[in-house]
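Read the structure below first, then the notes.
Please treat every number below as a calculation from the coordinates, not as lab data. As the structure is a prediction and not an experimental result, all values here were calculated from the model. Backbone-built Cβ (ideal geometry, glycine too); neighbour counts: all protein chains shown.
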Amino acid sequence: MRQAKPNPGHLALADIERHAGEFSLITQNVDGLHRRAGSHQVLELHGNLFRAKCFNEDRPVENWPDSDDIPPRCPRCGGLLRPDVVWFGESLPVAVLRAAEQAAANANVFLSIGTSSLVYPAADLPFIALKSGAAVVEINPQPTPLSPHATFSLNGASGIILPALAAQVWGEQGHH
């Protein structure tokens, strides 16, 4: 995963954030590619594989001492560290989910990109946006349960559609 590079879709979202007045990027991805592409307002619903958290304190640990311990130990309490991601059966971080729901409720435009729209509670977010009067634009290779409800449903790869959409809206060709 460390070798993975942001694709044109990730880069287009970073461009959109630079142009938009207010912007929130809500992701279920744990790969950190949105931040590497230059996005700043990122809400990671499922955490980030490149961060660790302490089992005992349930708090993120950004840097830990280099050692051969497997798993590594928390520098604060000596507890075991684990990846800072949501595992199956665990709840999403409440504060991040609330921030995502608030962003959806306040959105003028909500882009739903490359998701099956089957995994809840994230699958509720575009419906929260719709109820609040937002235009919901779905970008996905295949139709999903959201498709019939979306204001616009664009079938295709995000790496192709997002750069074209950004160019249409801001009248520039992507510089990436």
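In this simple spin-label approximation, V96 and F127 carry label points 7 Å from Cα along the Cα→Cβ vector, and these lie 2.2 nm apart. Available extension along the chain between A164 and W87 is 24.2 nm, counting 0.36 nm per residue and deducting the alpha carbon span. The loop-placed GluC sites (Glu not before Pro) in the range 85-148, going by DSSP, that have at most 16 neighbouring Cβ atoms within 10 Å of their Cβ come out as E90. For the range 1-156, with equal point scatterers placed on the C-alpha atoms only and solvent neglected, what are the log10 I(q)/I(0) values from the Debye formula at q = 0.13, 0.15, 0.17, 0.21 1/Å, to two decimals? At q = 0.13, 0.15, 0.17, 0.21 Å⁻¹ the computed log10 ratios are -0.68, -0.86, -1.05, -1.40.
How much of the DSSP beta bridge set in the chain is antiparallel, as a percent to the nearest 5? Taking every DSSP beta bridge with both residues in the chain, the antiparallel ones total about 40 percent.
The distance between label points at N63 and L118 comes to 4.3 nm (points 7 Å beyond Cα on the Cα→Cβ vector).
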